[in-house]
Amino acid sequence: MATTSVRRPSPLNTHHHKAALGVFLVIVLAHWAEHLAQAAQVYLLDWPLAEARGVLGLPFPWLVTSEWMHYGYALVMLVGFVLLRQGFTGRSRTWWNIALGVQVWHHLEHLLLLAQSLSGLHLLGRPAPTSILQLVLPRMELHLFYNAIVFAPMVVAMLIHRRPGAAERAAARCTCAVAFAR
């Protein structure tokens, strides 16, 4: 007799989901802060782009130019979206999937940059590693854009997840939803 196994969600998507989302959000916000600090250095403080390195890049300038560091962050984001996805239901899952889809593309762009950095062969003979959308947008502004279009649906997903409708609450396996007084 054949049996079918029902795959149980991991603790990461049940009783640890709320904490894991909190850690993920802190990582994302720290990264956002770096990009916003760099943009402020360029646009508000009028620093040359080469000197605008965000917060961590000031004491550790190699961080800004390290394709490994940028790729590593893109990979951490992608893994986080995949690992935490199962905890979302209904509308929040839809928004999480949108953020995940954009992050897949963002990750591929960083993989392309890393491959160019390692091989020394740059896209279209450019003098430095160049991503596809960097052909139309400068790198700093492009990364602000990428972070915004990943962050916005992620926040929508998390807000809906915290305040689900009745059907979504019934389908949820975690304790992220805000309890309402009855």
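We did not get these values from a lab; they are worked out from the coordinates using the rules stated. This one's a predicted model, so the numbers in the text were calculated from it and none came from an experiment. Note that each Cβ is placed from the backbone with ideal geometry, even for glycine, and that neighbours are counted across all protein chains shown.
Can you figure out the FRET efficiency of residue 43 with residue 10, using R₀ = 35 Å and their beta-carbon distance, to the nearest 0.05? E(calc), rounded to 0.05, equals 0.25. In this simple spin-label approximation, residue 25 and residue 175 carry label points 7 Å from Cα along the Cα→Cβ vector, and these lie 1.7 nm apart.
Listed peptides 161-167, 96-102, 140-146 appear in the order 96-102, 140-146, 161-167 once ranked by packing, highest mean of other Cβ atoms within 10 Å at the front.
Residue 97 sits among other residues whose Cβ lies under 11 Å from its own Cβ, and their net charge, with Lys and Arg +1 and Asp and Glu -1, is +3. For mean projected area of the Cα convex hull in nm², several values are listed as (1) 10.3; (2) 12.3; (3) 15.4; flag the one computed from this structure. Of the listed options (1) 10.3; (2) 12.3; (3) 15.4, (3) comes from this structure.
At 0.36 nm per residue, and after removing the present C-alpha to C-alpha distance, how many nm does the segment from residue 137 to residue 115 gain when stretched out fully?
Stretched fully, the residue 137-residue 115 segment lengthens by 5.9 nm.
Stretching residue 55 away from residue 82 to a fully extended chain increases their span by 6.9 nm, per 0.36 nm per residue minus the current alpha-carbon distance.
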